[in-house]
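Report on one structure; see the data block that follows.
The values are calculated or read from the model by the stated rules, or taken from the named source; none is laboratory data. These numbers were taken from a predicted model, which means no experiment stands behind them. Cβ: placed from backbone, ideal geometry, glycine included. Neighbour counts: every protein chain shown. Calculation scope for accessible area: heavy atoms of the full protein, side chains included, ligands and nucleic acids excluded. Shrake-Rupley method; radii C 1.70, N 1.55, O 1.52, S 1.80 Å.
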Amino acid sequence: MGRRTKQSWKRNRAEWLTFLAFVSPNLVLFALFTYWPIVYSAYLSFMDWNLLTARGAFVELANYRVVFTDPQIRTVIGNTLIYACAVVCVAQALAFALALLLNRNVRGQVFFRTLAFAPHVTTTAAAALVWVLLLDPDLGPSSVLYNALGIHGPHFLASSKLALWAIVSIGVWKEVGFASIFFLAGLQTLPRDCYEAAELETDSGWKVFRHLTLPLMSPVVFFLSVSGFIAAIKAFDVVSVMTQGGPVYPASSTYVYHLYRLAFQEFRAGDASAFAVVFFVITVAITGLQFRLARKWVHYGD
Amino acid sequence: MKKILHYHADHSRVIACAILCVTCVQCSSPRSEDPSGPVAITYWRTLSGAAGNAQDKLVAQFNDSQQAVRVTAEFQGSYTDLGKKLITASAAHTGPDVTQLGTYEILQFVRSGVLVDLKPFLDGPDGIDTSDWPGTMREAGEVDGGVYWLPFNVAAPVLYINTDAFKTASIAAAPKTWTEFFADTRALTTKDSSGRVQRAGTALWTDVWPYLSAIWSEGGELTSKDYSRITLNDPVAVRVLSEFQGLVRDGAAIVPDTASGGHRAAFKNGRAAMILDSPASFTDIFAQSAGFTPAVAAYPTGAAGTILAPGGGGLAMLAVTPENKRAAAWSFIRFLLAPQQLAFFAKESGYAAFTEASRKAAGDTLKEARFAVVHEALPHLKGDFSINMSPAVRESFSEAIQKILVDLADVNTALDAANAKAQQRIQNEIAKNKK
């Protein structure tokens, strides 16, 4: 018995070493560029540090008090939630509709699928620059429309009330194609026999969609909700290129852009780290909530 | 199977060792430098286009002029990008030896020991004669008695005008005073029959810089250099910014967003008849203005005379530069600030040959109208970057200007709030600096 355990351990050890050899390059990179920054940010959140001196001073919870008393935090969190919710909800609704269309045996399906996915693979910074031009009411293509209508179009990016919505529209545009590909993949794996049975029960396409397609697609909706929300609340590049949080800061600033500004424009690395830790906690909490709520509406074919 | 596993295990050890060795070698290999060769100096610079090329030419001239020091110039993007890279480099205790530097970072960098005090070099045997520097420009980079930043690419603000628009509006000359500027802006604005603005009198931007000169020239003051007095709500500032806001309310001024090219694009496209800007934009504006003839005029003057806020950037030496390389780094700075080189840079870039000696060295080439405007403005520069240097003051005032010009907020309320915010935050900054 003892000998067998020893042999098994020897074999396991060899397997472990092989396993470690294969995962270690990735693990090292993750540890260096993901886990260590998280830990270090948590450490910095208790320090008063301006990024320049060798060491900061330990300030206990002072930086967290700054987070919760920051006069701009409400606007920044509000903007981030508006952006994330709008991108996730609107993009998913449009993507689902697009996927349903693409799922029919239309000619040139591959072409349309590629067309739908193209925005997602376009660099956000480049896409944002193109959108800046598209939205310009004096120079962009929209100016032709405004002139034809005899109206002076809105300057989206120069208006505190509209700038955020310009950013949201780009977020939606980029997300629709990505989500539609997942929805389409999901739709194409749905069991045919269920639909054949449903056809015997009802003629209503809406009922089939509501009571069959939607529940069967709920895992895809759930996956896209979680991954899309996490990606959306991290929005930074589109804000940086298009508005820098303005035109009157923080009219269109997101949480991540705000903490970047604190760190690199105001030299408040400690405060920015506290913002980052709070952001991490919020993200984990929202994701946890999404998983908890998922038990009520996500069906895994059971 | 057992053999295969052993084989894999052996291989995995070899791979792990190899990765470790490569990593160690990468980490431990120092920047090799031949002690008998020339001293290698790294220079980080900003500015693209003509001003960037001119700097590269100056570096080549320096390298050709002597054998002892070899400078390598590295472009680091915009002032903001350069600032961020310097912060990152400083955190890692690395970076260039000499850098071009805007004004935002000076104070924080000095307080954190990132910059070298240049005063011993400046006043030493191989120093620079600053007696012909205009106004208080030598004091611009002074902090606590040391000199940490020296002006290099200096800009005096100017007024760009659309000469065709002036002719159409029957205005003979560019406005000389702020009162004339506000009146001309309204007169230059054209509207169609439905009241839509066809061309605004001016396009404004929400940076602090263009308004600072107007406030100073009208007799206002926003901060003292040591921040013991902060008056962002100075009655003169309220009056001046109310005038600018009035232009926006009347449709005589527009405030375009930066991403679309901002005020500069509006002027080049003929959507605005005047802009307040830097002479560094000479090349772009004169080459790209469409359908009209642009010209440069002097910045308007005010009740207190002409007092101008300098723009542009300067030079600094970083504390990471080893002691034995600092003389070489200084020799490069001194070269860039020599009359011949400043004259060359001015001719190539549009920035000012800001010393009397460099203007003489430039000869007739700087007598062309647009260069002359800049050089006549130089004696009026006030070397005070206190608004820029403190993030508390800078961000508070900048946000107030945005609210006033974009959201058309009440000027008094916006400036009172900015002043209160700046005063509260400056106390924190002073307390941190004392620590």
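Key figures
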quantity	calculated
Subset of region A:105-134 (residues that are outside any helix (DSSP H, G or I) and either under 21 Å from A:Arg192 (Cβ atoms) or β-branched (Val, Ile, Thr) (or both))	A:Asn105, A:Val106, A:Thr122, A:Thr123
Whichever residue in region B:245-254 is open to solvent by less than 20 Å² (accessible area, probe 1.4 Å) and of a type outside the set (S, T, N, Q) and, among such residues, is nearest to the other protein chains (Cβ to nearest Cβ)	B:Gly251
Residue in region A:238-252 that is away from chain B (no Cβ under 14 Å) and either surrounded by fewer than 24 Cβ atoms within 10 Å (Cβ to Cβ) or out of contact with any Pro (no Cβ under 8 Å at 6 or more places or on another chain) (or both) present	no
Matching option when the condition is crowded, with 19+ Cβ neighbours inside 10 Å, among the hydrophobic types (A, V, I, L, M, F, W, C) and not in a helix (DSSP H, G or I), among A:Phe267, A:Phe229, A:Phe279, A:Phe275	A:Phe267
Elements of type helices (runs of 4 or more DSSP H) contained in region A:1-104, each with 1 or more residues being at the interface with another protein chain (Cβ under 10 Å from one of its Cβ atoms)	A:2-30, A:62-69
Residues of region A:194-218 classified as open to solvent by less than 100 Å² (accessible area, probe 1.4 Å) and either part of a helix (DSSP H, G or I) or in contact with a Leu (Cβ under 7 Å, 6 or more places away or on another chain) (or both), total	14
Matching option when the condition is among the small types (Gly, Ala, Ser), in the same structural domain as B:Ala303 (by TED's automatic domain parsing) and within 23 Å of the chain's Cα centre (by Cα), among B:Ser217, B:Ser193	B:Ser217
Residue within region A:245-260 that is in a loop (DSSP other than H, G, I, E, B) and within 14 Å of the chain's Cα centre (by Cα) present	yes
Residues of region A:137-193 that turn out to be within 14 Å of chain B (Cβ to nearest Cβ), open to solvent by less than 40 Å² (accessible area, probe 1.4 Å) and under 29 Å from A:Thr75 (Cα atoms), as a count	11
Members of region B:220-231 found to be crowded, with 20+ Cβ neighbours inside 10 Å and under 21 Å from the mean Cα position of the chain (by Cα), listed by number	B:Leu222, B:Thr223
Where B:Ala409 falls short, out of the listed (1) under 22 Å from B:Ser224 (Cβ atoms); (2) surrounded by fewer than 19 Cβ atoms within 10 Å (Cβ to Cβ)	(1)
Boolean, A:Thr18 is open to solvent by 50 Å² or more (accessible area, probe 1.4 Å) and either farther than 19 Å from A:Phe264 by Cα or of a type outside the set (Asp, Glu) (or both)	no
Candidates B:Ala361, B:Ala346 - the one that is part of a helix (DSSP H, G or I), within 20 Å of B:Pro279 (Cβ to Cβ), more than 14 Å from chain A (Cβ to nearest Cβ) and more than 22 Å from the chain's Cα centre (by Cα)	B:Ala361
Any chance B:Asp257 is free of Cβ contacts under 8 Å to residues at least 60 places away in the same chain, crowded, with 20+ Cβ neighbours inside 10 Å and of a type in the set (Asp, Glu)	yes
3 or more residues open to solvent by 50 Å² or more (accessible area, probe 1.4 Å) and more than 25 Å from B:Pro279 (Cβ to Cβ): qualifying helices (runs of 4 or more DSSP H) within region B:90-209	B:119-122
Residues within region B:67-80 that are outside any loop (DSSP other than H, G, I, E, B), more than 10 Å from chain A (Cβ to nearest Cβ) and open to solvent by 60 Å² or more (accessible area, probe 1.4 Å), tallied	5
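So that you can scan it fast, the table gives a plain yes or no per residue for (1) free of Cβ contacts under 8 Å to residues at least 24 places away in the same chain; (2) touching a Phe, Trp or Tyr at 6+ places or on another chain (Cβ under 9 Å); (3) within 14 Å of chain A (Cβ to nearest Cβ); (4) charged (D, E, K, R):
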| residue | (1), (2), (3), (4) |
| --- | --- |
| B:Lys85 | no, yes, yes, yes |
| B:Tyr104 | no, yes, yes, no |
| B:Tyr148 | no, yes, yes, no |
| B:Ser193 | yes, no, yes, no |
